[in-house]
Amino acid sequence: MPRHCLAVLALLSLVACDQSRVIQAPAPPPNPLPGVKLSVDELKAQMFHVSAGKRLKGSWPNGARVAVGLSFDVDNATATLSTGNLDYEILSRGEYGAVDGLPRILRMLDRQQVPSSFFIPAASAVLHPGMIKEIQASKLAHEIGVHGWIHERLPLLNDEKEEQRLLDLSIETLQKMTGRRPVGYRAPSWKFSKWTMGQVKAAGFLYDSSLMASDDPYELLLDGKPTGVVELPIERILDDAPYFGGNADGSMPSVSAVYEVFQSEFDVAYEEGGLYLLTMHPHFIGHRSRVALLERLVQYMKRKPGVWFATHEQIALHVKPLIGN
Ligand SMILES: [Zn+2]
């Protein structure tokens, strides 16, 4: 057969193939509003699978007016690596956390004498083992807590056994590297799967810090039953990521705008005698102008009487007795 006839045949078969694709019935889209079909009992089961129990708000030690917990999620490049994305521009942006961000934060905390909590994906610690040594070199007894293995998004992982394996591996790895079993848990991206609460309770964690049903500490309930696990609530507006991370990176015109939000939240926490908890990331807040912002905020807080700067563990230990029997 002449060559041009073969080409025509090949073209025809391609067209036929394309047509068969068009003819195939498209899969029905998933129901975007499954909640509208649920009974009240079904809604209750979903809403209260993990929820807020007893509020744990009492007095702070030594007559303090407010408890301040600074936390740093040392994700670096792990969230990117977990997705298999090998874009080295993005990976190096994460690497900044280990190279310059964390050391600058630690120097500032030493200057201001503020003990803090560091939640580290275990793979992040393994990739840059010097970080644990730097954190532990401070005399402030900073806390190190669990933040997944490689910042895996648990609802995306969607696998109970694999989630348990990664949790066990994270605890074991951090315990080996720090010499101490961690007592605090923060879910990667704060996202729970339907198994996370059960696994966190079974692992014996003192507290979780991934949820936000209140400004102040509370006891977590699992399917309506008390767990004995303290929640130290986080909040999007008290997180550096929405302002400096992801798509916002570089678009914030002035760090002062972030300072204003952080300071006014602190002022009301102080007024109410509550908890003030910040979530930050060395690869975001660790930049020069941003650590300066944080130091300015710490100095502002220190000028007020009765501010208790503590690790999350110290805060959780203090409120835990309020759970009672
Ligand atoms: Zn994180």
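The values are calculated or read from the model by the stated rules, or taken from the named source; none is laboratory data. This is a predicted model, so every value here is computed, not measured. All Cβ positions, glycine included, derive from the backbone under ideal geometry; neighbour counts span all protein chains shown.
Some notes on this structure:
- Leading residue by the ranking (surrounded by the most Cβ atoms within 10 Å (Cβ to Cβ)) among those in the stretch 74-115 that are within 15 Å of the ligand (Cβ to nearest atom) and among the polar types (S, T, N, Q): N76
- Sole residue being of a type outside the set (V, I, T) and in a helix (DSSP H, G or I), chosen from N76, N62, N85: N62
- If you go through the stretch 187-198 and keep only what is hydrophobic (A, V, I, L, M, F, W, C) and either more than 16 Å from the ligand (Cβ to nearest atom) or not in a helix (DSSP H, G or I) (or both), you end up with A187, F192, W195, M197.
- Selected residue (only one of P226, P242 is surrounded by fewer than 21 Cβ atoms within 10 Å (Cβ to Cβ), within 16 Å of the ligand (Cβ to nearest atom) and not in a loop (DSSP other than H, G, I, E, B)): P242
- Close pairs (9 angstrom Cβ cut-off, 6 or more residues apart or separate chains): over 16 Å from A123 (Cα atoms) and free of Cβ contacts under 8 Å to residues at least 40 places away in the same chain in the stretch 152-176, among the acidic types (D, E) and assigned to a helix (DSSP H, G or I) anywhere: L157/E163
- Per-region count, the stretch 169-192, residues farther than 15 Å from H147 by Cβ and small (G, A, S): 1
- The single condition among (1) at pLDDT 75 or above; (2) in a helix (DSSP H, G or I) that K57 does not meet is (2).
- Looking across the stretch 134-158, the residues that are out of contact with any Gly (no Cβ under 9 Å at 6 or more places or on another chain) and part of a helix (DSSP H, G or I) come down to E134, I135, A137, P155, L156, L157.
- Hey, R153 surrounded by fewer than 18 Cβ atoms within 10 Å (Cβ to Cβ), among the basic types (K, R), away from the ligand (no atom under 15 Å from the Cβ) and modelled with pLDDT of 95 or more or not: no
- Taking each residue of the stretch 308-322 that is touching a residue at least 12 places away in the same chain (Cβ under 8 Å) and looking for partners that are in a helix (DSSP H, G or I) with beta-carbon atoms closer than 7 Å, six or more apart or interchain, yields W308/P61; H318/P61.
- Matching option when the condition is over 19 Å from the mean Cα position of the chain (by Cα), away from the ligand (no atom under 15 Å from the Cβ), assigned to a helix (DSSP H, G or I) and more than 20 Å from A79 (Cα to Cα), among K161, K201: K161
- The single condition among (1) more than 13 Å from the ligand (Cβ to nearest atom); (2) part of a loop (DSSP other than H, G, I, E, B); (3) closer than 18 Å to S82 by Cβ that R180 does not satisfy is (3).
- All conditions in (1) within 16 Å of the ligand (Cβ to nearest atom); (2) in a loop (DSSP other than H, G, I, E, B) hold for L70, with the sole exception of (2).
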